[in-house]
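The values are calculated or read from the model by the stated rules, or taken from the named source; none is laboratory data. Source: prediction; values computed, not measured. Here the Cβ positions follow ideal geometry from the backbone for every residue, glycine too, while neighbour counts run over all protein chains shown. Areas reflect the complete protein model, heavy atoms only, side chains present, ligands, DNA and RNA absent. Shrake-Rupley method; radii C 1.70, N 1.55, O 1.52, S 1.80 Å.
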Amino acid sequence: MESAQTPLETFANANSFDVDHKTGFMPSQVPLECLPSTWELWESLLDEAIHEKLRPGDQIGLSEEDAARSGRWRKRVREAPTLSSIDLNAPPLLRRAHLVLTFLLHFYVQSLPPTAEIRIPKSISIPVLRVSKTLDMPPVATFADTVLYNWNLSTLASSSSSNVTDPATLTLDTLRSQTLFTSLPSEQHFYLSSALIELRGVEALSIMRTTFDEIFVGDSLASSRITLWLDRLEVVIRELRELLLSVRDGCDPDVYWNDVRPWFRGEDSDTAVEGKPRRWVFEGLEDPENEDLERPKELSGASAGQSSLVHALDCFLGVENVRTGADGKPSFMSRMQVYMPRPHRLFLDHLAKTERPLRKFVMESEDEGLREAFNRAVMALKEFRDAHMIIITLYIIGPARRERERRRLEQEEVGKKEREEKEKQLKGTGGTDLVKFLKTTREQTRQTVVEPAM
C-alpha cells in the first residue's frame, strides 16, 4: 500500500509530479510541435482538416460544399491505415500524440451531420485508445491538450533555448498556440489566457510550499509569517481573476460559441438526437488484438474545470468540494480530475492527505491577524469564481439563449405552431449544468472562511 506523503514531501518531490518550480503545471520546456516521420500520417490528416477549414456538422448556415468537403476528409481518415502506437517511454511524444489524435477524433465526430451515427474508424480509435491508456487519460480533448501542452514561443520571445527560463516574461505577445481547430484569433486568445493563469499561479504554488514549511514549525513567529504569505496569496488570486476576465479582450463570445466551442464538445454535450447524447462507437475494439482496450465510460470535452491549479487552491484553503451529487454520481469537480495528466492528479491526492491542513491550523490559532488574512484569501478565491460566472454568462449562457431565440423565430417563419420546448440545461464544454455548479462551488468557497475566536 502506498504511503502518504506530507505536503513538505509533496512539494519537495514536485518534479516527480510534473510540477515545475518555474512553470507550475505547464512543462518547463516547449512541448513537441510535430511527431516524427513514423507517425507523419496523423499530422498530415490534422493539417488537412485545419487547412480545409472544416465546419461543425450542426452549424447554422452549413453549405452543401462545406458538408461535402468534410465528408471527403472523413473518407480519407476512414481509409487510412492504423499506425502502431507511440514509444511508451517518451512522454513528449505521447503528449503530442494524444493532442493530435484527439483533435482528429473531434474533427471527425463534430463534422458529422447532427443525426449521423458516430462510428470512429480504427485509424483513429485504436491509436487514441492505446496512447490514452498509457497516459491514463480519457481519449478525448482535454485542458491539457488545448492549453498545457499546446504552446510555443512566438517570434517576439527572445529565447535561444526551448527552456522557459522566466515565465514572468511570457505574455499574449510572446506565446502562441501550436494547434488550433479554427485558426481564429479568438480560439488562440481563449487558450493562451488560460495558459497565463497557469503561469501566474506558479507563485501561488510557491506560497503553498512555504506555508506548509511554517505550519510544520507551528510557533507564533510562524503564524506571523503565514499571515504575510496569505496576504500575498490574496494578491495573486486577485491577479488570476483579472487574467480570467481579460479573455474578453481578444475572444469574441459569438465566435467562440459558433466556431470554436463546437469542436471540443464531448459525448455528454451532444443533444442532437431527441435531446440525448449519441454514443461514440470506437471501431476495432472487437478485434482480438485489442482485447486489452476498453470503451471509455465518460467523454467530456475540454474544460477550465480540468485546471489542476484551481483544484490545488481549493485543497490548500480547505474548500470542501462535494465529491458526489444529489444523484449519488461523482460531482463535476471530482469528474474533472480524471481528465488531468496522471502526475498532476497524484500531486493533488498527496496535497489533500496532509495531517496538518492550513484551515485547521488557522481555526486552532488565536491569532486574529492570521484568521483575517486567511479569510481575505478565501474571499479572493470566491471572487475568482464570481468572475468565472461572468465569463460563463458571456460565452455560454448569452450565446445559447440567442441561438434558441433564432431557432424559435425560424420555426415561426416556416409556420410551425409548437413553441420551443422548455429550456434544456445549459451545458459547457465539460457537459455540466454550469450555473448550478458555479453557484454551488462559490457558496462552498464562501463557507470556508473562519469565524473569529470567542
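Say whether the condition of being modelled with pLDDT of 90 or more, more than 19 Å from P262 (Cα to Cα), in contact with a helix residue (DSSP H, G or I) (Cβ under 9 Å, 6 or more places away or on another chain) and in a helix (DSSP H, G or I) is met by at least one residue in region 425-436. No - not one qualifying residue is present in region 425-436. Screening G284 with (1) touching a residue at least 60 places away in the same chain (Cβ under 8 Å); (2) open to solvent by less than 70 Å² (accessible area, probe 1.4 Å); (3) at negative phi; (4) of a type outside the set (A, V, I, L, M) gives one miss only, at (3). Residues in region 339-371 that are buried (at least 17 other Cβ atoms within 10 Å of the Cβ) and closer than 30 Å to D136 by Cα: 13 in all. Out of L299, L243, one residue alone is in contact with a helix residue (DSSP H, G or I) (Cβ under 9 Å, 6 or more places away or on another chain) and open to solvent by 30 Å² or more (accessible area, probe 1.4 Å). It is L243.
Which numbered condition trips up A4, out of (1) open to solvent by 40 Å² or more (accessible area, probe 1.4 Å); (2) out of contact with any helix residue (DSSP H, G or I) (no Cβ under 8 Å at 6 or more places or on another chain); (3) of a type in the set (G, A, S); (4) modelled with pLDDT under 95? Just one mismatch for A4, condition (2).
Step by step: first the residues of region 47-73, then only those that are of a type in the set (A, V, I, L, M) and crowded, with 19+ Cβ neighbours inside 10 Å, then the one that is farthest from V260 (Cα to Cα). Which residue is that?
Applying the filter and picking the extreme gives A49.
Against the conditions (1) open to solvent by less than 40 Å² (accessible area, probe 1.4 Å); (2) modelled with pLDDT of 90 or more; (3) in contact with a strand residue (DSSP E or B) (Cβ under 8 Å, 6 or more places away or on another chain), R279 satisfies every one except (1).
Provide a single number: the residues in region 100-158 that are among the charged types (D, E, K, R), closer than 26 Å to L199 by Cβ and open to solvent by 10 Å² or more (accessible area, probe 1.4 Å). If you could, list the steps in order and put the result at the bottom.
Just the residues of region 100-158 that are among the charged types (D, E, K, R), to begin with: 117, 119, 122, 130, 133, 136, 145.
Okay, now just the ones that are also closer than 26 Å to L199 by Cβ, so 136, 145.
Retained after the next criterion (residues that are open to solvent by 10 Å² or more (accessible area, probe 1.4 Å)): 136.
Total satisfying the criteria: 1.
Counting only residues that are at pLDDT 95 or above, of a type in the set (G, A, S) and over 19 Å from W73 (Cα atoms), region 115-161 holds 3 of them. Before we move on, is L230 open to solvent by less than 10 Å² (accessible area, probe 1.4 Å) and in a helix (DSSP H, G or I)? Criteria met by L230.
Among the helices (runs of 4 or more DSSP H) contained in region 304-405, which hold 3 or more residues that are among the basic types (K, R) and either touching a residue at least 12 places away in the same chain (Cβ under 8 Å) or touching a strand residue (DSSP E or B) at 6+ places or on another chain (Cβ under 9 Å) (or both)?
Ranges flagged: 368-392.
Being farther than 18 Å from I126 by Cβ and touching a residue at least 12 places away in the same chain (Cβ under 8 Å) is a description that does not apply to R72.
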